[in-house]
Amino acid sequence: MSSCPTLYRNYVDGQFVESARRFPNVSPVNGAVIGTVCEADASLVDRAVSAARAAMHGPWGNTSATERAKVLHAIADGIEKRFDAFVAAEVADTGRPEHQARALDIRRGVQNFRTFADLAAQAGGEYFDMRAAEGDIFSYTVRKPHGVVAIISPWNLPMLLLTWKVAPALACGNAVVVKPSEETPGSATLLAEVMHEAGVPAGVFNLVHGFGVDSAGEFLSTHRGIDTLTFTGESRTGSTIMKAVADGVKEVSFELGGKNAAVVFADCDFDKAVAGVMRSSFTNTGQVCLCSERVYVERSIFERFVGAMKERAEALRIDYPNADGVEIGSLISHGHREKVLSYFALARDEGATVVCGGGVPRFGDERDNGAYVQPTIWTGLPDSARCVQEEVFGPVCHIAPFDSDDEVVARVNDSRYGLAASVWTRDLSRAHRVTRRFDVGIVWVNTWFLRDLRTPFGGTRLSGIGREGGRHSLDFYSSLTTICVNP
Ligand code: NAD
């Protein structure tokens, strides 16, 4: 971890900028202060937005998609060159297993730049032949950048989620001002260094650190100089930001919270289903927006399924990020642990049976100062319980039995969220019948989390607005002009 920077600076107009207001970066593994973050004030955010605007008026505003693709591939090369430093930064900030940061987070960061570089370079416009009605007249579309894109991202998959938005925004020719979570300044700061080294023109990529309310997040989202805003985070924050941008009628894309269901039919491959639901409930210590916190199991296999989940959950290895075989890391912070523990207490108040977990592991070493909790399984709650309706965002799921397809569809849809669901069955006709009735953005059949970056991604209801991914990202990060020609 020695290669992690200890002073996290802002990056504005091609320069690293310190600031007087600073806050500590605390390790969730042992509570130690591992860095200091320079918080951007309103005037620095203003400078970042102005720099982005100026970059759009400079040569960057006139680049072709092919030229920008070269820049994006150079950024991807730069991340690959400093792969270990990115892994270390991500692990230090989040406490997640190092093997996950290596196999998923940083690798996906590289893929995001390469995928959107190529997609944007290959994207054409539309052509409409109007000859029959109007002589030789035809119309076509041209794709242009919006201008200045504000990107506000969360802490749970910091590099993956930030680059998921930075890459297509730059590929479409915009300039960006990004505000990563205050919990995870590390990989974003390294990304600024990579941008600098890759020769990205000054002002095209700007990074401002800070919190939400009365800090960089609010200064950015309320800034009149941004053209478009894209946000990933809690539904409540999304609602606040939506109000903030309403006056300027800015286009937004929101990827928000989830309370996702996994549905296990009696005809599933039992072992695969158990392994799959273990992954979908406990990956990243349950801190993935796509995690399943509600599990519905067909009644004939319910008891056996709960027993198998209990056995596996109790055997999960909770450890240091770099320990051999580690499966569960810490939560992101002590503050978040308080929230998760409050749900553990609420579940008891609401009458849950605690099948396993429900507390804090004791290590007898420095990790007792960290933000760990035990993987937890509940049964016995009604669907109306707060613990079944509200997003906990920790390593926890509630398992309930069901009796029929219609019943389970209604129960899956009985949620204010609508992000994702998964289904475990050998009967693919049933899978097709059932999945299309779920009111969510993405459904997996006999798998979870697999993503083709060309497919649309997003949620319904409290889980978000809009779709990103593939051409949907190109559409969001660009503006289409129709040109009608009478030759
Ligand atoms: P959060 O909403 O607390 O914070 C997200 C970002 O918004 C941070 O950078 C934060 O500083 C900033 N922010 C907070 N208040 C703000 C304000 N008033 N104005 C402007 N910016 C503000 O979310 P979090 O706790 O960092 O992330 C966890 C949440 O994100 C969960 O709800 C999870 O489901 C959701 N999430 C959704 C997706 C998805 O793709 N749908 C992906 C990952 C995470």
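The values are calculated or read from the model by the stated rules, or taken from the named source; none is laboratory data. Remember, predicted model here, so these are calculated numbers, not experimental data. Heads up, the Cβs are rebuilt from the backbone with ideal geometry, glycines too, and the neighbour counts pull from every protein chain shown. Calculation scope for accessible area: heavy atoms of the full protein, side chains included, ligands and nucleic acids excluded. Shrake-Rupley method; radii C 1.70, N 1.55, O 1.52, S 1.80 Å.
Tabulated data for the structure shown
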item	result
Of the criteria (1) among the aliphatic types (A, V, I, L, M); (2) buried (at least 21 other Cβ atoms within 10 Å of the Cβ); (3) within 27 Å of residue 319 (Cβ to Cβ), which one residue 75 fails	(3)
Residue list for the range 324-356, restricted to those being in contact (Cβ under 8 Å) with a residue 24 or more places away in the chain and small (Gly, Ala, Ser)	329, 330, 333, 347, 351, 352
Matching residues in the range 214-227 - criterion: being within 12 Å of the ligand (Cβ to nearest atom) and among the small types (Gly, Ala, Ser)	215, 216, 217, 221
Exclusive hit being of a type in the set (A, V, I, L, M), surrounded by fewer than 24 Cβ atoms within 10 Å (Cβ to Cβ) and within 16 Å of the ligand (Cβ to nearest atom), set 160, 191	160
Search result, residues across the range 115-143 that are under 20 Å from residue 166 (Cα atoms) and open to solvent by 60 Å² or more (accessible area, probe 1.4 Å)	118, 122, 143
Residues located in the range 439-478, provided they are open to solvent by 40 Å² or more (accessible area, probe 1.4 Å) and assigned to a strand (DSSP E or B)	443, 445, 461, 465
The range 17-46 residues that are closer than 30 Å to residue 360 by Cβ and modelled with pLDDT of 95 or more, paired with ones that are assigned to a loop (DSSP other than H, G, I, E, B) and of a type in the set (Phe, Trp, Tyr) (beta carbon under 6 Å, 6 or more apart)	none
Residues of the range 17-38 classified as open to solvent by less than 40 Å² (accessible area, probe 1.4 Å) and under 19 Å from residue 193 (Cβ atoms), total	6
Unique match (being under 23 Å from residue 37 (Cβ atoms) and part of a helix (DSSP H, G or I)) among 76, 55, 69, 51	51
Check on residue 340, surrounded by 14 or more Cβ atoms within 10 Å (Cβ to Cβ), under 22 Å from residue 90 (Cβ atoms) and not charged (D, E, K, R)	yes
Options 297, 274: the member that is in contact with a helix residue (DSSP H, G or I) (Cβ under 7 Å, 6 or more places away or on another chain), without any contact (Cβ under 8 Å) to a residue 40 or more places away in the chain and away from the ligand (no atom under 16 Å from the Cβ)	274
Scan of the range 330-343 for residues that are more than 12 Å from residue 286 (Cβ to Cβ) and among the hydrophobic types (A, V, I, L, M, F, W, C), ordered by number	341
Residue that is in the same structural domain as residue 305 (by the TED database), assigned to a helix (DSSP H, G or I) and open to solvent by 10 Å² or more (accessible area, probe 1.4 Å), where the choices are 391, 407	407
Pairs where the first residue, in the range 370-394, is without any contact (Cβ under 8 Å) to a residue 24 or more places away in the chain and the second is among the small types (Gly, Ala, Ser) and more than 16 Å from the ligand (Cβ to nearest atom), C-beta under 8 Å, 6+ apart	none
Some residue of the range 228-237 being assigned by the TED database to the domain that holds residue 388 and within 15 Å of the ligand (Cβ to nearest atom)	no
Number of the exception - residue 399 against (1) open to solvent by 10 Å² or more (accessible area, probe 1.4 Å); (2) touching a residue at least 60 places away in the same chain (Cβ under 8 Å)	(1)
Yes/no for residue 396 being out of contact with any Cys (no Cβ under 9 Å at 6 or more places or on another chain) and assigned by the TED database to the domain that holds residue 331	no
Set 254, 211, 205: member being of a type outside the set (D, E, K, R) and away from the ligand (no atom under 15 Å from the Cβ)	205
Qualifying positions in the range 238-251 - open to solvent by 30 Å² or more (accessible area, probe 1.4 Å) and within 16 Å of the ligand (Cβ to nearest atom)	239, 240, 242, 243, 244, 246, 247, 248, 250
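Residue-wise test of (1) closer than 19 Å to residue 190 by Cα; (2) in the same structural domain as residue 180 (by the TED database); (3) open to solvent by 50 Å² or more (accessible area, probe 1.4 Å); (4) not aromatic (Phe, Trp, Tyr).
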position	(1), (2), (3), (4)
47	no, yes, yes, yes
51	no, yes, no, yes
65	no, yes, no, yes
86	yes, yes, no, no
91	yes, yes, no, yes
98	yes, yes, yes, yes
110	yes, yes, no, yes
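Conditions (1) open to solvent by less than 30 Å² (accessible area, probe 1.4 Å); (2) within 22 Å of residue 26 (Cβ to Cβ); (3) within 16 Å of the ligand (Cβ to nearest atom); (4) small (Gly, Ala, Ser), marked per residue:
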site	(1), (2), (3), (4)
348	no, no, no, no
355	yes, no, no, no
360	no, yes, no, no
365	no, yes, no, no
369	no, yes, no, no
374	no, yes, no, no
382	no, no, no, no
